[in-house]
Amino acid sequence: MYLQKFITKNIFIVILIVFSQLQSQRTLTVGGTNWTVTIPSITEAGDNYAGTYESSTSQIILAASVPLLLTNGKVSMHYTANPVWNSNLILSAKRTGDGTTTCVACSISGGTTYTIIPPTADIELFRITAVLALASYSNIPVQLQLSGVSVTLPAAGYNSQIVFTISDL
């Protein structure tokens, strides 16, 4: 007799993207849409999920400014459970473009490879440097990655909120 086991496990993950912050005249505006990760059902015994999922390359759109000459700004991030998150799920982010600016002598650097987003403590994503004028960037695209998805995770709806901040170095 042949017995086939069908496994359906619903894991629903939503990443909420919110927050903008003003620190020492540096500004950061966060746009884009919430990311709902669609995890396909497993129908074959012994199978596992793909494990890693990526958002669109411009899931998050940032606008940042550093208002003074010869100053800089650091854009950082962390996540918080909203309200439920599993610590085996790993969120990462990367900057997929420079955005747009009218400042010729300004620069944006770092953040072009995936950086793991920690819970509660900020980690740097990228830097902006103003040399001769106000450094103002808009339309900076950010992509998200979720890894650690596995059949060993309890079936649930997991939600997280990513917080972006800007500060001096």
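The values are calculated or read from the model by the stated rules, or taken from the named source; none is laboratory data. Small disclaimer: the values here were computed from a predicted structure and weren't measured. All Cβ positions, even for glycine, are placed from backbone atoms using ideal geometry, and neighbour counts span all protein chains on display. What goes into the accessible areas is simple: the full protein's heavy atoms, side chains included, and nothing from ligands, DNA or RNA. Shrake-Rupley method; radii C 1.70, N 1.55, O 1.52, S 1.80 Å.
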### Task
For the range 62-85 and the range 135-169, compute the distance between their C-alpha centroids and round to whole Å.
12 Å
### Message
With θ taken as phi - 60° and the coefficients 6.51, -1.76 and 1.60, list the Karplus ³J(HN,Hα) couplings across the range 124-133 in order, rounded to whole Hz; mark glycine and proline as x.
### Response
5, 9, 7, 10, 10, 10, 9, 9, 10, 7
### Query
Distance in nm between label sites at T27 and V104, each 7 Å beyond Cα in the beta-carbon direction?
2.5 nm
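Please find the FRET efficiency linking N88 to L134, where r is the Cβ-Cβ separation and R0 is fixed at 41 Å, and quote it to the nearest 0.05. Could you put the intermediate results ahead of the total?
Values: r = 43 Å, r/R0 = 1.05.
Efficiency, rounded to the nearest 0.05: 0.45.
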### Task
Write down the accessible area per residue of the range 47-169 in Å², having rolled a 1.4 Å probe over the full set of protein chains.
44 Å²
